[in-house]
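First up is the structure itself, then whatever we jot down about it.
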Amino acid sequence: MNGVETAHEPRERAPTLPRVDAATTVVLVVALVVVMAVSWAWRRAMRSGREWQERAVVAETTGREQRLEAQEERRVRDLSLSTMDEGVLLIGRDARVAFANDAIDRHLGSTPTSLVAVLPFALRTAIQESRTRREPTSVLVETGAPARWLHGTVTPAADDATLVVVRDVTHQRRLEAVRRDFVANASHELKTPAATIQAVAETLGRAAADDPEAVARFASQLEREAVRLSRIVADLLDLSRLESGSALDELVSLAAAAREEGQRLEETAEHAGVTLEIQTEDERPVRGSQRDLALLARNLIDNAIRYSHEGDRVAVQIDVEGDEVVLRVSDTGIGIPSRDLDRIFERFYRVDRARSRETGGTGLGLAIVKHVVENHGGEIEVESELGRGTLFRISFPAASRPDDAPSRS
């Protein structure tokens, strides 16, 4: 019947999902595993890359710091070696110079680039012998003009290298020569009057009985030699004392000291026929030793008189120039040859030995003057012309108050 559903009419069915077979399932699982593996590998690779970059940055930073430290160490080493007075030379296994400081150029005249370029020849020979024997050695060589003495020490180093140290010992050699000369000169100077005194005394003993009139002559000679010997001993003692310094604990009038010493030497000047003039201006005290400054004035004036002829003039002048007290001692005597000016302050050095002995000089006066000047922080200048005379100019710091003391040299 219309509008009535019968039991025999068919019903509509619900849609069903398509079936997934086993192969598809396997493919899907494999794909998923591959994706997960790739993702894990990518993440691991990224993490490893970051770690590598971090390690690279750390390595680069460390390397940079190490290079900076090495550069700083090299700079400090080079700076230290460049300020040394000793020349340092490092020669490698290939006989090439691996390092040389600035002093090597001063000592050797140039900086060698290899062993065969090392001069003087005696130093090169010593280096070659040390490299052959692998033993340290040393050598003393004279080089240059004016002559200089170099002491080289050669020492084998690691990796068949050789370390050479060069020192300039010219000053030490000169001091040794001065010491030797001083001992020889002092012995000679003391021996001469002592031998004369002995001979005169023996002759005087015989003459007293055989030739009474000669006694006075021999006695006079004996007295002169005894006085000369006494002066040498006194000057040696003064020199020894001055080498230990002067006591700078007094305010001294240099003008008064010069006037007093001039008065003591007036008789000597009159006997030599020399005019002695002393002129002082505004006086300022000098802090120092009264005894030593008087000794300086006495030696300068006495020296000027001894090296002047009859009719010559010796002038002593004291001035104040700024903060200095200046003593000038000039004469119109025999003068000093220019070649001797650098040596007149040496002990026992005499420009005219015959004249010095004739006038009773010891050869120590100007050495004493130099020590007094140095001990009082002063300066000394000399001007001389042979046959025209000599001028000594000595300046000291002026002391205006008790605590204003000159510096010691």
Sort the following peptides by mean Cβ neighbour count (other Cβ atoms within 10 Å, averaged over residues), highest first: 28-41, 382-395. 382-395, 28-41
With a point put 7 Å past each Cα toward its Cβ, work out how far Leu386 is from Glu277 in nm, to one decimal. 2.8 nm
Residue by residue through the stretch 147-154, the couplings from Karplus 6.51 cos²θ - 1.76 cosθ + 1.60 with θ = phi - 60°, in Hz, x for Gly and Pro, are 4, 10, 10, 10, 10, x, 10, 10
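From the P(r) of the chain, could you give the percentage of C-alpha pairs in the tail past 37 Å?
58 percent
Treating the beta-carbon of each Lys and Arg as +1 and of each Asp and Glu as -1, no other charges, what is the dipole magnitude of the chain about its Cα centre, to the nearest 20 debye?
The calculation lands at about 2420 debye.
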Semi-axes a, b, c in Å (a largest) for the stretch 172-231, each sqrt of 5 times a Cα gyration tensor eigenvalue, come to 35, 9, 5
Which residues in the stretch 86-101 have a backbone N closer than 14 Å to a point placed 7 Å from the Cα of Ser114 along the Cα-to-Cβ line? 92-98
Can you sort Asp235, Asp342, Asp181 so the residue with the fewest Cβ neighbours within 10 Å comes first? Asp342, Asp181, Asp235
Would you mind calculating the gained length between Ala199 and Glu135 on full extension (0.36 nm times residue separation, minus the Cα-Cα distance), in nm to one decimal? 17.1 nm
Going residue by residue through the stretch 187-193, the Karplus relation 6.51 cos²θ - 1.76 cosθ + 1.60 with θ = phi - 60° gives ³J(HN,Hα) values, rounded to whole Hz and with x marking Gly or Pro, of 4, 5, 5, 6, 5, 4, x
Packing-ranked peptide list from 250-260, 294-304, highest mean Cβ count within 10 angstrom first, is 294-304, 250-260
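So if I place +1 on the C-beta of Lys and Arg and -1 on the C-beta of Asp and Glu, and nothing else carries charge, what would the dipole magnitude of the stretch 57-193 be about its Cα centre? I want it in debye, nearest 20.
Charge dipole, the stretch 57-193, about its Cα centre: 440 debye, nearest 20.
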Specify which residue in the list Gly322, Pro156, Ala234 is farthest towards the positive end of the charge dipole of the chain, using unit charges on the beta carbon of Lys, Arg (+1) and Asp, Glu (-1), about the Cα centre. Pro156
Dipole axis of the chain (+1 Lys, Arg; -1 Asp, Glu on Cβ), positive-most option in Thr25, Gly109, Val57: Thr25
Could you work out the relative contact order of the chain, using alpha carbon pairs under 8 angstrom and six or more residues apart, expressed as a whole percent? 10 percent
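Where does each of Arg264, Arg43 land when they are ranked from fewest to most other beta-carbon atoms within 10 angstrom?
Arg43, Arg264
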The stretch 246-397: relative contact order in percent, alpha carbon pairs under 8 Å with at least 6 residues between: 25 percent
How much length is gained on full extension from Asp102 to Thr125, taking 0.36 nm per residue of separation minus their Cα-Cα distance? 6.0 nm
Place a +1 charge on the Cβ of each Lys and Arg in the stretch 172-231 and a -1 charge on the Cβ of each Asp and Glu, then give the dipole magnitude about the Cα centre in debye, rounded to the nearest 20. 540 debye
With a Förster radius of 45 Å, plug the Cβ-Cβ distance of Asp340 and Asp159 into 1/(1 + (r/R0)^6) and report the FRET value to the nearest 0.05. 0.25
Between His188 and Val27, what is the label-point separation in nm under the 7 Å Cα-to-beta-carbon projection? 12.5 nm
Highest to lowest packing among 182-191, 148-157, scored as the average C-beta count within 10 Å: 148-157, 182-191
Which ³J(HN,Hα) values, rounded to whole Hz and listed in residue order, are derived for the stretch 327-334 from phi using the Karplus coefficients 6.51, -1.76 and 1.60 in 6.51 cos²θ - 1.76 cosθ + 1.60 with θ = phi - 60°, glycine and proline given as x? 10, 10, 10, 10, 9, 10, x, 6
Over what distance in Å are the Cα centres of the stretch 322-345 and the stretch 21-80 separated? 85 Å
To the nearest Å, what is the center-to-center distance of the stretch 241-258 and the stretch 275-303, using C-alpha atoms only? 10 Å
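All of the numbers you see were taken from the coordinates with simple rules; none came from a lab. Values in this document were obtained by computation on a predicted structure and should not be read as measured data. In this analysis, Cβ positions are derived from the backbone assuming ideal geometry, glycine residues included, and neighbour counts consider all displayed protein chains.
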